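Here is the structure we will look at, set down as C-alpha cells.
What follows is calculated from the coordinates using simple rules that are stated; it is not laboratory data. Only a predicted model underlies this, so the values are computations on that prediction, with no experimental measurement involved. When we count neighbours, we look across all protein chains shown, and the Cβ atoms used for this are built from the backbone with ideal geometry, even at glycine.
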Amino acid sequence: MRISVIIPVLNEKEDLPQTLRALEGFTDFYEIIVVDAASTDGTREWLSSHLPSNGKLVDGPRGRGNQLNAGGRTATGDVVLFLHADTRLPANAVQQITDALAEKGAVGGGFCVRFRESRPWILRVVEAGINLRTRLFRAPTGDQAIFSRQNAFIAVGGFAQWPIFEDVDFVHRLKRLGRFAVLPSRVATSARRYIAWGVWRTMFLMYASPRMRGRCALSISHTPVPLFYREGRCKTRFPPKCSGSSAAMTSSPAELYRSLDLKDRLRTISPASKA
C-alpha cells in the first residue's frame, strides 16, 4: 500500500522542520507532498534545500481546503494522509492505517489526539473531550491526521473550498461512501492557540457564548467571518461561495458546527479588539 503524505503550509518554518524530521523515521511512506501557499517567513526557501528524497514541493492557493486538494491531485499513492505542519504521527501509524483499510468497505479514517505541551493541566481535559467525541461520532478533524483511499478522495470531490469546516465536511462525505475508522493511537499536535488565547477563555467562547456560536453557524454563508490563521494573526474576510461538488454541499452549517471539535472551532473566533 503506497501512502502519500500531504502537508499544507503557510508560514510554518518553526514547526515544519521538526515534522519532516519525525517523518524520516517512517520508511514506508511513498511520497511526502508539501503544499505551500506563498509563505513569507522563509518556509519555502528552507524547503528548497531540505525536502526529503521522496518529497515534492507544490504551490497551492491560500486556504487549507485548496492546498489539500492541490496535494491530493498531485499524489500518486493509493492512500492520501493529510498531516498538519504542527502534528506528529504515532510510531505505529503506517501499520494502523494499513490494518484499518484492510477491513471490508473501509474508505478512510483518522487518529485520536494528544497535545504536545504538558501544561496547563486543563489541556488534558480538552484532549479527553476531543477524543470522546471522536470515538462516539467517528468525526476526527484536520489536526487528527485524516486519511483516505485515493479513489475515495476523488469520488467525494476532495475538500470543499470553504474557509472553515472543510475537514469536517470531508469526513461527513467519506462516511457516506464507506467504513470510516477511528484509530486508537494518538497523534501529537500543538496547543499553541489554546495557550495563546488562554484555555479557560477559549472554552468559554466556544461553549458559552451565543454570539460566537452564531458566527460559526453563519460562517459558510457570504458573511464576514473572523478567521484565526495558522501564522497567529486574526483577520476578517468574506468567505468564497461554496464551489465544491454537489456532494460537498449536503451538510448544513449547523450540522457541521455541531460535529466540530473545540480545537477547530477556535479558527472562527477573533477578539473585537483585533478584528
Apply the Karplus curve 6.51 cos²θ - 1.76 cosθ + 1.60, θ = phi - 60°, to the phi angles in region 170-176 and return the couplings in whole Hz, x for Gly and Pro. 4, 5, 4, 6, 4, 5, 6
Could you tell me how far the Cα centroid of region 71-131 sits from the Cα centroid of region 146-184, in Å? 13 Å
Could you sort 117-124, 101-108, 31-38 so that the peptide with the highest average Cβ count within 10 Å comes first and the rest follow in order? 31-38, 101-108, 117-124
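Which net charge results for the neighbourhood of Phe159, defined as the other residues with beta-carbon distances under 9 angstrom from its beta-carbon, given Lys and Arg at +1 and Asp and Glu at -1? List each step's numbers first, then the result.
Numbers: positive: Arg64; negative: Glu166, Asp167, Asp169.
For residues surrounding Phe159, the net value is -2.
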Cross-link reach list, aspartates and glutamates versus Lys13, counting only Cα pairs under 20 Å and skipping chain neighbours closer than eight places: Glu24, Asp36, Asp41, Glu45, Asp59, Asp86, Glu117, Asp143, Glu231
Please compute the Kirkwood hydrodynamic radius over region 92-143, one decimal place, Å, based on all pairs of different Cα atoms. 12.5 Å
Using a basic spin-label model with each label point 7 Å from the Cα along Cα→Cβ, how many nm lie between Trp197 and Thr76? 4.1 nm
Starting at the first residue of region 125-132, write each ³J(HN,Hα) from the Karplus equation 6.51 cos²θ - 1.76 cosθ + 1.60 with θ = phi - 60°, in whole Hz, x for Gly and Pro. 5, 4, 5, 5, x, 4, 5, 4
In Å, descending, principal axis extents of the Cα set of region 119-158: 41, 21, 12
Taking just the alpha carbons, could you work out the radius of gyration and Dmax for region 1-141, both in angstroms? 15.7, 45
Just to check I understand the Karplus step: with θ = phi - 60° and J = 6.51 cos²θ - 1.76 cosθ + 1.60, what whole-Hz values come out for region 22-34, glycine and proline as x? 5, 6, 4, x, 9, 7, 8, 6, 6, 7, 10, 10, 9
